[in-house]
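Below you'll find the structure, written out as structure tokens, and then a few comments.
The values are calculated or read from the model by the stated rules, or taken from the named source; none is laboratory data. None of these values were measured; they are calculated from a predicted model. Because the Cβ atoms are built from the backbone with ideal geometry, glycine has one as well, and the counts that use them run over all protein chains shown.
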Amino acid sequence: MFWWTLRKLKSKNPETRIKAVQKLGRAGNTRVIEPLIEALKDENIEVQDSVETVLVEIGATAVAPLIITHWDKNENMEKKSVVVLRKIGIPAVEMLIMMLKHENSIVRQRAAEALKEIGAPLAVEALIMALDNFDTAVYEIATEALGEIGDIRAVLPLIESLKDLMRGKQAFDALGNTLLSLRSFRRYEIRDVEEDVLYKIVQLEDNIKYKFCTDHTPLTSRVWEGTLDCSQIKELAQQELNRRGLKV
């Protein structure tokens, strides 16, 4: 019975707890998700591994409970949740994209944070989509994450975000971090970039100058200016186009 299996999750014997986890995984019932997530806190590593395996097998259905109910309980729980989300893979990212549009702002922010923690390359496209999110907090998390990941696919969307005078400073900082990370760019990564993106990058100015408002209130608003050096990323794109035998 379901309740009896739940009781075995509290057994002093790790083997009994592992068998209970596995039995819950075979139940095919969404009611098992919450107790399984709680079992991620088990002090026994083998029990934790069993829980991770079962939650990954459950898949996308486990994503929302991980984020909504358990995400901010403690740092260790967040790390365990990220491990599960990464292993679930694309279905988890797709669910998190849907959650970026949730009516609750806290859920939207947690989804963005989860995408940030999942990182490259899996979550990059979703984080780029989040740049259009109306929620400023989600936007800031997405720009920060893209800056940390340093994926070439984020360059053009971040440049587009520079047009927003009120939000552009975050995009500018993220773009600067991305361009810096490309100094150690691995050549094979650029081979997956679409040709039209490479062409657009080659056509960028060597130095991009922008002005931003540094405050959101009219009375205290100040203008900030900055310059970005795009010469290296242009050179990388040009070399890749040449490798493909394409002319600019």
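Condition first: basic (Lys, Arg) and under 17 Å from Glu57 (Cα atoms). Now tell me which residues in region 89-105 satisfy that.
Those that are basic (Lys, Arg) and under 17 Å from Glu57 (Cα atoms): none in region 89-105.
Counting only residues that are part of a loop (DSSP other than H, G, I, E, B) and of a type outside the set (D, E, K, R), which one in region 36-55 is nearest to the chain's Cα centre (by Cα)?
Leu40
Among the residues of region 32-41, are any surrounded by fewer than 16 Cβ atoms within 10 Å (Cβ to Cβ), without any contact (Cβ under 8 Å) to a residue 24 or more places away in the chain and within 22 Å of Glu94 (Cβ to Cβ)?
For region 32-41, residues surrounded by fewer than 16 Cβ atoms within 10 Å (Cβ to Cβ), without any contact (Cβ under 8 Å) to a residue 24 or more places away in the chain and within 22 Å of Glu94 (Cβ to Cβ): absent.
Quick one: which residue in Leu204, Leu182, Leu198, Leu219 is crowded, with 16+ Cβ neighbours inside 10 Å and at pLDDT below 75?
Within the list Leu204, Leu182, Leu198, Leu219, the selection yields Leu182.
Regarding Ala92, is this residue within 26 Å of Phe134 (Cβ to Cβ) and touching a Pro at 6+ places or on another chain (Cβ under 8 Å)?
no
Can you confirm whether Ala60 is touching a Ser or Thr at 6+ places or on another chain (Cβ under 9 Å) and among the small types (Gly, Ala, Ser)?
When the stated conditions are applied, Ala60 does not pass them.
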